[in-house]
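Just so it is clear, none of the values below were taken in a lab; they were calculated from the coordinates. A quick note: this is a predicted structure, and the numbers were derived from the prediction, not measured. Methodologically, a virtual Cβ is constructed for each residue, glycine included, from the backbone with ideal geometry; neighbour enumeration extends over all protein chains shown.
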Amino acid sequence: MSKYKIFVTLVVCGILLGLLVSGFLRYRSSISRGIRVQLWINHPEQYPEWSISAKERCGNAPFILPTTGYVGYLWDDSFKIGHRHQGIDIFGGTKPGMVPVYSASDGYLTRQSDWKSSVIIRVPKDPLLPSNQIWLYYTHMADPDGISFIAADFAPGTSEKFVIAGELLGYQGNYSGDPQNPVGVHLHFSIVKDDGKGKFMNELKIQNTLDPSPYLGLNLNSHNGSPESPGCH
Ligand SMILES: [Zn+2]
């Protein structure tokens with residue numbers, strides 16, 4: 001083998017090893033958060049200091065906190081190798097249908113006709129980059145069978161209905177799409193990019209979302225050595 005081939009092989013191996021190690025480290029920190037989510041879900045009364053409070057504004061953040069509970073999973077957490085979480089998961093620590101969810105910002109709410117547990121709110125001017133439009137996505141607001149906990153004002157098919165920051169949108173639920181395997185009761189909240197033509201992009205891809213940290217005034221990025229329980233201090 002020529003020296004050049006050996007060099008290329010070493011570089012490729014180094015890159016692969018680096019990817020493996022960084023993937024493992026990210027996965028490991030997500031696992032440790034998963035353990036804390038279980039502790040919280042089983043005994044929320046034992047960890048009151050882990051909870052954030054709905055409608056609170058952290059410092060001079062542009063958005064208010066959309067619900068109450070433990071921010072168990074962060075933006076870009078990984079639930080399995082290769083997976084990247086596009087939002088944050090706030091676990092209320094109660095049964096489904098009890099913990100209110102509020103609009104984090106003024107905006108225009110849409111609920112597509114087949115959305116059982118989700119709404120999306122268009123914010124015409126990104127407060128951090130006013131030339132851009134962004135979207136705030138809220139989901140898991142239904143029970144395991146898809147019985148919705150979304151407020152009656154926002155029936156399926158609602159389009160562009162104006163809401164103010166702090167307006168009740170619904171309640172945290174555990175809808176997963178599979179009645180036999182509900183998720184833990186929580187709100188999934190994410191900030192979704194606009195496609196530049198007035199439509200929200202596919203929320204399932206992290207590249208189409210924004211780190212919510214500066215919008216909520218909390219450390220919500222899994223890469224930033226985030227504390228185990230992000231809080232508004
Ligand atoms: Zn989530």
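Failed condition for K161, given (1) touching a His at 6+ places or on another chain (Cβ under 6 Å); (2) surrounded by fewer than 19 Cβ atoms within 10 Å (Cβ to Cβ), with all others met?
Exception for K161: condition (1).
Any residue in the stretch 192-209 that is assigned to a strand (DSSP E or B), touching a residue at least 24 places away in the same chain (Cβ under 8 Å) and touching a Lys or Arg at 6+ places or on another chain (Cβ under 6 Å)?
No - not one qualifying residue is present in the stretch 192-209.
Check the stretch 36-50 and report whether any residue there is of a type in the set (V, I, T) and assigned to a helix (DSSP H, G or I).
yes
Check F162 against each of (1) within 19 Å of the chain's Cα centre (by Cα); (2) more than 16 Å from the ligand (Cβ to nearest atom); (3) part of a strand (DSSP E or B) and name the one condition it does not meet.
So the condition that F162 fails would be (1).
Filter the stretch 190-210 down to the residues that are under 23 Å from I64 (Cα atoms) and acidic (D, E) and list them by number.
Selection gives D194, E203.
Just one of the numbered conditions (1) buried (at least 20 other Cβ atoms within 10 Å of the Cβ); (2) more than 12 Å from the ligand (Cβ to nearest atom) is not true of R57; which one?
Going through (1) buried (at least 20 other Cβ atoms within 10 Å of the Cβ); (2) more than 12 Å from the ligand (Cβ to nearest atom) one by one, R57 breaks only (1).
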